[in-house]
Each structure stands twice: as C-alpha cells, then as structure tokens.
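The values are calculated or read from the model by the stated rules, or taken from the named source; none is laboratory data. Since the model is a prediction, treat every value here as computed from it, not as a measurement. Here the Cβ is made from the backbone with ideal geometry for all residues, glycine too, and neighbour counts use every protein chain on show.
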Amino acid sequence: MDINFSDKRALVRVDFNVPLHHENLSVMDDTRIRRAMPTITHILEEGGSVILMSHLGRPMKKLKEDGSIDIERFTLKNIVERLTDLLGVEVKFCNETIGEKVTETATLLKRGQVMLLENTRFNEGEKKGDAEFAQALASLADVYVNDAFGTAHRAHASTTTVANYFDEENKCFGFLLENELKNARKVTDEPARPFVAIVGGAKVSDKMLLLDRLIDQVDTLIVGGGMAYTFMKAQGGQIGNSLCEDDRLELALELLTKARQKGVNLLLPSDSVIADAFSNDANTRISPSNLIEDGWMGLDIGVYAQNEFANNIRNAKTIFWNGPMGVFEMSNFSNGTKLIARAVAEATKKGAFSLIGGGDSVAAVNQMGLSKEVSYVSTGGGAMLELLEGKELPGVKAMGLGKVES
Ligand code: AMP
C-alpha cells in the first residue's frame, strides 16, 4: 500500500461476508473481519479516514414473501459490534450505500474515523457492475483500496467498476488481497518441486478446469472425496451408491489420459470407508474403491489410501489443497481429511510451502487447530480457484496495477 493516507478519505472494499448465527444474527466466524484489520488500521494510523463497504449474503436471492429485501437478516449492522470490538474505534454505520445522507457523513469524516456503508448488494447496480452506482460510491472518497479477495472474481460495481473512477496513484490493493495474490503465485509461478496438489470435495464438475490446469503443473495430483468415484466408475469400477456424475465419465477418462501423457502421478483412493447410509450412524467397513457393493457408498478414503496420500504429501516441497477427502462434517468419515491436514502440516514443518485454497479444506484445517502450521490459508474459495485455473480476476485487472511482486 504505497499511498500516503494522511488526511485522505479512503473507500475500502472489504469482504465482510461472514456467517451469522441463525437465531440472534450475531457473527459466527469473524475470520474475514480480522483479516481486513491490518489494512484498516494502517490507513487510520497514517491519519486517514476509512469508508468501508462490503456485501453480506445474497439478499436479492432471498427476498421476503412480499418481494422486499430482508433487511434485518442482511444488514451490515449485524457486524458493527464485532467490528468495533476488533478495531477499538467507533464505527459510524450508514443504513444506505449512496445518497445525500451518506455523502454528508462521508464529508464530515475526520482523521482516524471509520464509517461503514450498508450492504452493497441492497443496490441493484452492484451485481450488474453498474457505472452510475460505482461512480456514486467513488465520489465519497479521495482514494480506493481493494482488500476484498473473496469477491475479486466478481465484476461487481464495488469490486471492479469503481476502480475506473480513480487515477492509478489514488488506488491500491490492501494487505490481504496483496498477500493472497503473492501466495497464489508461489504455487502458480515456478513452484518448488515436487509439487503435490490435493483436490477433494463433492463434484468433478465444479473443479474440472482446476484439475485440467493442475495436471499441466504438478508432479502428483491426489484426487479424493466424492469426486474420486466418478474416476473409479469411468475406469470400469463398481462404486455402489457412491456419489457419481455420469455425465462426466468421459471427462474423467480424458483427465486420466492427460495425466499419463504428462507423466503426472495421479492418485485415486485405492480403498474407501464405505457406509450403508449417508449418516454418521450407518454401518461401515473398508472396501477397495472400485469394488463397492450396491447399497453401500464411499464416504471417506480408506487406510491404505490415507498412507499413500500422506507419504506423497510429506515429501512435497509445494502443496496446494482444496476440498475434503470425505464427508468430514460427520465424525466417522473425517479421518481421511484429518490425516491429510496433518501430513500437510508435517511437510510445512520440513520446509514445504503449503497453500490451503478456500472452502471446506480451510474449515478442516481450522477445526484441527492447524491453521498456523500451514504456510497460507486463503480467505477466498472461488477467487483462489480461479487464480489456480489461470484466470485473471476482474477485481484485480480493473486496478490496472500490473503484477504484484512476490
Ligand atoms: P466442495 O464444496 O466441492 O469442496 O465439497 C465439499 C463437500 O463434499 C463436503 O460437504 C463433503 O461432505 C462432501 N464430500 C466429500 N467427500 C464425499 C463423499 N465421498 N461422498 C459425498 N460427499 C462428499
């Protein structure tokens, strides 16, 4: 952040899209708020003032029965208390995003003061990337700081269009966004070898592009979780009632062929913990992953697979992990994911660079208290996947600031 913020009003796009408790709408997990703190405090310490903006949830997708926005549920007011506690500074909350009242409050901001705008997605222009809305937001401030990595893959007004209304010297990335880009580059640009990627989770279709791109880059690709059974079936395996995407069998075969041609060691779980129901109380046993009887389904990787995967991970010098190895939300099917998390932590201790790429693998690492034992835990699932897929993020491109140096 090479802007001098002294006496400047900074419009800061953060990602405060945090989970809220259902009953009292208080903040359930404040990780994203905490991760934005360094940027906000830096601006305040330099003598600037801060206008924070963020979205929260999907208010337009979850309208009330009468068609109106459920303000109570989606207002950013719900996070003010926690934000104030973390910042130690009073936060002036505006119940609008633009308009006369907002402009007046912004104009009166003094050095060291913080104001928070209402949920940007209450305005229809946000998701459309609307120029008029973006310009109105931009008019509130002298400089623009984008620190919202979690939404950098969306071409929305507050993440992308707004950047067009600031000169190059009056806009910059915040510390969090900069850090995310730097850490992603450690994996995408000349990674130390061996490079091992671990991809799990439910569906192949969600991670098709990622798998394809990773095969170009890695030495070993470990595929676990529900998506592994589509690969098993594609090769003629019997997978019982395990998760399978029949319309992706062809694709799975293509990926296997590509891996073979490129000399990539693509590992699938040779055995699985299988269950006779999708329930933590189901009967379970271990079975080869390609010989699962009807009525049974693979819900976690088996012991042989755990060891084979972990041995490869322990020898890696670069690791990227996205997606659990099984239904880790249920304790009886969480062992595979836990063991992988431990192996990633061990490799990191031995000097490997490990990037946990958003979503459920982050939850798994956090649950196990291992987040400090890996190199970097990303705050953005979708955005990190797009970076790893080789895409340019609209929120990054719009800043026109070129490549972030590592
Ligand atoms: P994703 O969002 O694609 O990373 O998928 C995460 C979800 O995949 C989690 O909710 C897991 O419970 C689920 N999952 C992982 N392994 C399996 C499996 N073998 N069968 C069914 N669901 C799975």
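Tabulated data
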quantity: Some residue of the range 270-282 being within 12 Å of the ligand (Cβ to nearest atom), under 27 Å from residue 216 (Cα atoms) and touching a Gly at 6+ places or on another chain (Cβ under 7 Å); calculated: no
quantity: Selection status of residue 78, in contact with a strand residue (DSSP E or B) (Cβ under 9 Å, 6 or more places away or on another chain) and over 19 Å from residue 10 (Cα atoms); calculated: yes
quantity: Hey, residue 242 within 16 Å of the ligand (Cβ to nearest atom), loosely packed, with under 15 Cβ neighbours inside 10 Å and of a type outside the set (D, E, K, R) or not; calculated: no
quantity: Scope the range 276-324; condition surrounded by 24 or more Cβ atoms within 10 Å (Cβ to Cβ) and small (Gly, Ala, Ser); matching residues; calculated: 289, 298, 305, 316, 323
quantity: The listed residue being more than 25 Å from the chain's Cα centre (by Cα) and among the β-branched types (Val, Ile, Thr), out of 327, 264, 344; calculated: 264
quantity: Among (1) more than 23 Å from residue 379 (Cα to Cα); (2) within 11 Å of the ligand (Cβ to nearest atom); (3) surrounded by fewer than 15 Cβ atoms within 10 Å (Cβ to Cβ) - the single one residue 205 does not satisfy; calculated: (1)
quantity: Subset of the range 310-361 [part of a helix (DSSP H, G or I) and of a type in the set (S, T, N, Q)]; calculated: 311, 312, 331, 332, 335, 337, 348, 361
quantity: Criterion: away from the ligand (no atom under 16 Å from the Cβ), among the charged types (D, E, K, R) and buried (at least 24 other Cβ atoms within 10 Å of the Cβ) - qualifying residue of 169, 180, 118, 132; calculated: 180
quantity: Helices (runs of 4 or more DSSP H) within the range 21-124 that include 3 or more residues modelled with pLDDT of 95 or more and touching an Asp or Glu at 6+ places or on another chain (Cβ under 9 Å); calculated: 31-45, 80-87
quantity: Per-region count, the range 304-331, residues away from the ligand (no atom under 11 Å from the Cβ) and touching an Asp or Glu at 6+ places or on another chain (Cβ under 7 Å); calculated: 3
quantity: Within the range 354-384, considering residues that are crowded, with 23+ Cβ neighbours inside 10 Å and among the aliphatic types (A, V, I, L, M), the one nearest to residue 325 (Cα to Cα); calculated: 364
quantity: All positions within the range 332-348 that are surrounded by fewer than 24 Cβ atoms within 10 Å (Cβ to Cβ) and within 16 Å of the ligand (Cβ to nearest atom); calculated: 332, 334, 335, 338, 339
quantity: Residue in the range 388-395 that is modelled with pLDDT under 95, among the charged types (D, E, K, R) and within 13 Å of the ligand (Cβ to nearest atom) present; calculated: no
